[in-house]
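Heads up, the thing below is written out as structure tokens.
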Amino acid sequence: GTEYDPIPETALVVLHRTAARDVQNWGQVVRELERRGYRVTIVNPGDYTIEHQAYLFAGSELVLSVQSSGTTSNLWASEKMKLIVVCTPSYGAWTVDYHIASICGQECYTLFTGPDHRVDMEWLRRCL
């Protein structure tokens, strides 16, 4: 098999997507996660092979992502992994993430941003 750099089990993988669906306050989100002790790794799953995506998700305690097909890689994560999906008005709600998480026994939260495409930080704190 292919060798990858180790990711500690406490790692957080944030899936950073294209600018069209980007969240305007990612910096604030990342600082909050780091403040809570998470080691934040920002990735775009499409840049990796399926095998490497599986590795990234398997080693993640928490995945926070703008809604995209890349979040379906939570199939390879443990049941202890928590998924937080941010849905922007331009993309809408796609609930397949929630269904996959439910089947895998994972916690899943969905946040719908307003027109400003910003994560509500108080809501994020409640989910963590």
Sorted by mean Cβ packing within 10 Å, highest first, what order do the peptides 106-115, 51-60, 29-38 take? 51-60, 106-115, 29-38
Would you please give the residues with an amide H less than 5 Å from that of ARG118, counting only those at least 5 places away or on a separate chain, with H modeled from the backbone geometry? GLN24
Length gained when the stretch ARG36-GLU3 is fully extended (0.36 nm per residue, less Cα-Cα span): 9.0 nm
For labels at ILE50 and SER102 in the simple 7 Å Cα→Cβ model, what's the distance in nm? 2.5
Environment charge of SER73, counting only residues whose C-beta is closer than 12 Å and scoring Lys/Arg +1, Asp/Glu -1: -2
How large is ³J(HN,Hα), in whole Hz, for each residue of segment 53-59 in order, when computed from phi with the Karplus curve 6.51 cos²θ - 1.76 cosθ + 1.60 and θ = phi - 60°, using x for Gly and Pro? 4, 4, 4, 4, 5, 4, x
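None of the figures in this text is laboratory data; all of them are computed from the coordinates on show. The shown structure was predicted, so the numbers you read here are calculated from the model rather than taken from an experiment. No Cβ is skipped: glycine too gets one built from the backbone with ideal geometry, and neighbour counts run over all protein chains shown.
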